[in-house]
1. With the chain treated as a Gaussian network of Cα nodes joined by springs under 10 Å, which of Gly96, Gly233, Gly222 yields the largest mean-square fluctuation?
2. Treating the angle as unsigned and between 0 and 90°, give the value, to the nearest 10°, between the Cα long axis of helix 130-144 and the longest Cα principal axis of the chain.
3. Which aspartates and glutamates does Lys254 reach when only Cα atoms under 18 Å apart count, and residues fewer than 8 places away in its own chain are ignored?
4. What accessible area, in Å² to the nearest ten, does a 1.4 Å probe give for Arg291?
5. For the stretch 251-294, what is the largest minus smallest coordinate of the Cα atoms on each principal axis, given in angstrom and ordered from greatest to least?
6. Listed highest first by mean packing, meaning other Cβ atoms within 10 Å per residue, what order do 42-48, 205-211 come in?
7. Using a 10 angstrom cutoff on alpha carbons, build the Gaussian network for the chain and name the most mobile of Ala34, Ala134, Ala284.
8. Debye sum, Cα scatterers, the stretch 180-312, no solvent: what log₁₀ I/I(0) at q = 0.11, 0.21 1/Å?
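The values are calculated or read from the model by the stated rules, or taken from the named source; none is laboratory data. Only a predicted model underlies this, so the values are computations on that prediction, with no experimental measurement involved. Cβ atoms come from the backbone with ideal geometry, glycine included; neighbour counts cover every protein chain shown. Ligands, DNA and RNA are stripped out before the accessible areas are found, and what is left, the full protein with its side chains, is counted by its heavy atoms. Shrake-Rupley method; radii C 1.70, N 1.55, O 1.52, S 1.80 Å.
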Amino acid sequence: MTAVPAHARAVRFDHYGDRDVLHVADIPVPRPAAGEVLVEIRAAGINPGEIAIRTGALHDRFPATFPSGEGSDLAGVVLETGEDVTGLAPGDEVLGYSWQRSSHATHAAVPATQLIPKPAGLTWPVAGSLYVAACTAWAAVDAVGPRPGETVAVSAAAGGVGSIVVQLLALRGARVLAIASPARAPWLTAHGAVPVPYSDRIAEDLTAAAPDGIDAFIDLFGPQYVQLAVDLGIPSDRIETIISFEKAAQYGAKTAGSADGSTREVLSEMAEHAASGRVEIPIAATYPLDRVRDAFAELEQRHTHGKIVLVP
């Protein structure tokens, strides 16, 4: 069995700012409290929400305490268990999430209730980037309640969350209008969607692609798409956004996100979808922990297809 080391390495930032505030620090290995396990992390996805937290854009909702760690997604191997932990033992391969901003590290102590066994069919990068994107996608799709034969439009349809949303909608029998760059059209078509390229005539193109109307809209990019959905006459209770909270409040649209899908049941469902091949989780790139700034530089371009993952 792997021995527990004395020190870990973890991404830290000491004040709000651009990605240049990120650095990797040596820290004592966290010891699991009652109900927790120590995980040696093999992969940890990065997400746009972490950029917003690090820059201070979400200070009113999710303030940082400095020095701050970061990261929610994780997958790895259990090294040690705290008291009152059942069902997990050293050597078990797991995936899940931390709500302590601690997964961008070599080791993290995580509540056992936030972990599930890693299916054998999942690679480490997929397992380590599953939680935020997959549970957010599940919640976004659930929020609009698609029925077979309905038409649903999705912005940023080829991104980390969007690529999963598109597939979940297809599994439910919906017709998906996938708004994305033309370069992503072949992948979207192969996964059951109708690609609609970004343009200044997006409203006309969506209307042409759905002459009988669009039943629901999932926005994964920005407030202009909530406005677009309203302008297209879609009822507010069938408009969902994971990013445009002020615009959603203006029109009464929904704002379901990863917290709404944060159950072991949802995570297990999504892990089985991924392991079986029913849902593909594209991996855009992997980076070592020391290149965390480069990983976020790529993410901030907002043109990646799939997930970017740190591999400690």
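1. Taking springs between Cα atoms under 10 Å, the residue moving most is Gly233.
2. 30
3. Here the aspartates and glutamates satisfying the reach criterion relative to Lys254 are Asp142, Asp215, Asp219, Asp231, Asp237, Glu240, Glu246.
4. Solvent-accessible area, nearest 10 Å²: 110 Å².
5. 40, 34, 18
6. Working: 42-48: 26.0, 205-211: 14.0.
Result, highest mean first: 42-48, 205-211.
7. Per the Cα network of the chain with a 10 Å cutoff, Ala34 tops the list.
8. Log10 I(q)/I(0), no solvent term: -0.53, -1.41.
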